[in-house]
Amino acid sequence: LRRGFVTPIFGDAESFNGKAENKFSFSGGSVVAGVDFVNSETAIAFDTEFYREKSAVVGGYAQARLEPVEGTRVSFGGRTDHQRFTGIDQTKWDDSGLSGNISAEQDLFGRFLTLKAGYSHVWAGVLLEEAYQVDVMTYGNLDAAVSDNYTAGLVARYDGWTFDGTIFRTEIEDARIKAILRNVETEGFELGVRYDWSSGFLRVAYA
């Protein structure tokens, strides 16, 4: 605040992405494979100052979804990514990483009950900061964010009703929080109920 006037501050975030993929179907399942990219930037401007971070990521992936026997469904896949990050002071950072996932569902008593569980390891690269914090960034300890994610749950179905419960846990290494790399853990649960009728459905969930 200067003599009754507020200095205007402008924040901006942009992202452009695309992909090309193909689905291979066969008896018992399918495989989707492709390549993708995402270019992102976040910026802030005030007075004569302008600060911007940029990220360019290109990757390739494949994901299989199989039903080896009736009532058992398995999904697994992986991807590789390469990122070029540019900081507000033109710091350049290049790195690559691998990600993978696996999940399974098992029907019991027909489809009255379904057990499900999953795990994924995600290489996320350097995450762009929020626009309002870009001007305070430092890059001395820059590193890629990596997470491990676990889920398990149960689904019950009866006469148009579906009841489901899931527990989850996520462990993140090197998340950027106010220019500092931190490790973050989160865990919890979700409970849901859904009712289907001929022309629609209604679902309510609590997490």
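The values are calculated or read from the model by the stated rules, or taken from the named source; none is laboratory data. Keep in mind that this is a model prediction, so the values were computed, not measured. Ideal geometry is used to build each Cβ from the backbone, glycine not excepted, and the neighbour counts take in all protein chains shown. Heads up: the accessible areas ignore ligands, DNA and RNA and are worked out on the full protein's heavy atoms, side chains in. Shrake-Rupley method; radii C 1.70, N 1.55, O 1.52, S 1.80 Å.
Which count do you get for residues in the stretch 15-53 that are free of Cβ contacts under 8 Å to residues at least 12 places away in the same chain and under 18 Å from Gly78 (Cβ atoms)?
The initial filter retains those residues of the stretch 15-53 that are free of Cβ contacts under 8 Å to residues at least 12 places away in the same chain, namely 23-27, 48, 50.
Going one step further and asking which of them are under 18 Å from Gly78 (Cβ atoms), we end up with 23-24.
Matching residues across the stretch 15-53 total 2.
Please verify whether the stretch 160-173 includes one or more residues that are assigned to a strand (DSSP E or B), open to solvent by 40 Å² or more (accessible area, probe 1.4 Å) and free of Cβ contacts under 8 Å to residues at least 12 places away in the same chain.
Going through the stretch 160-173, the residues assigned to a strand (DSSP E or B) turn out to be 161-173.
Now restrict to residues that are open to solvent by 40 Å² or more (accessible area, probe 1.4 Å): 161, 163, 167-169, 171-173.
Restricting the remaining residues to those that are free of Cβ contacts under 8 Å to residues at least 12 places away in the same chain gives none.
Within the stretch 160-173, not a single residue is assigned to a strand (DSSP E or B), open to solvent by 40 Å² or more (accessible area, probe 1.4 Å) and free of Cβ contacts under 8 Å to residues at least 12 places away in the same chain.
Could you grab me the full set of residues in the stretch 130-146 that are in contact with a Ser or Thr (Cβ under 6 Å, 6 or more places away or on another chain) and of a type in the set (Ser, Thr, Tyr)?
Residue satisfying the conditions is Tyr139 alone.
If Tyr132 satisfies every condition in (1) under 30 Å from Asp47 (Cβ atoms); (2) open to solvent by less than 40 Å² (accessible area, probe 1.4 Å) but one, which is the exception?
Going through the list (1) under 30 Å from Asp47 (Cβ atoms); (2) open to solvent by less than 40 Å² (accessible area, probe 1.4 Å), Tyr132 breaks only (2).
All but one of (1) open to solvent by less than 60 Å² (accessible area, probe 1.4 Å); (2) among the acidic types (Asp, Glu); (3) without any contact (Cβ under 8 Å) to a residue 24 or more places away in the chain hold for Asp94; state the number of the condition that does not hold.
It is condition (1) that Asp94 fails.
I'd like the residue in the stretch 179-201 that is in contact with an Asp or Glu (Cβ under 6 Å, 6 or more places away or on another chain) and loosely packed, with under 13 Cβ neighbours inside 10 Å and, out of all such residues, is nearest to Tyr158 (Cα to Cα). Can you show your working first?
Taking the stretch 179-201 as the starting set, the residues that turn out to be in contact with an Asp or Glu (Cβ under 6 Å, 6 or more places away or on another chain) are 181, 183, 185, 192.
In the following step, the residues that additionally are loosely packed, with under 13 Cβ neighbours inside 10 Å were identified as 183, 185.
On the way: Asn183: 42, Glu185: 35 Å.
Checking each candidate, the answer is Glu185.
Output yes when any residue across the stretch 70-90 is over 22 Å from the mean Cα position of the chain (by Cα), aliphatic (A, V, I, L, M) and surrounded by 15 or more Cβ atoms within 10 Å (Cβ to Cβ), and no when none is.
yes
Scanning for something at pLDDT 90 or above, more than 20 Å from the chain's Cα centre (by Cα), assigned to a strand (DSSP E or B) and of a type in the set (A, V, I, L, M), does the stretch 128-148 turn up at least one residue?
Taking the stretch 128-148 and keeping what is at pLDDT 90 or above, we get 144-148.
Narrowing further to those that are more than 20 Å from the chain's Cα centre (by Cα): none.
Within the stretch 128-148, none of the residues are at pLDDT 90 or above, more than 20 Å from the chain's Cα centre (by Cα), assigned to a strand (DSSP E or B) and of a type in the set (A, V, I, L, M).
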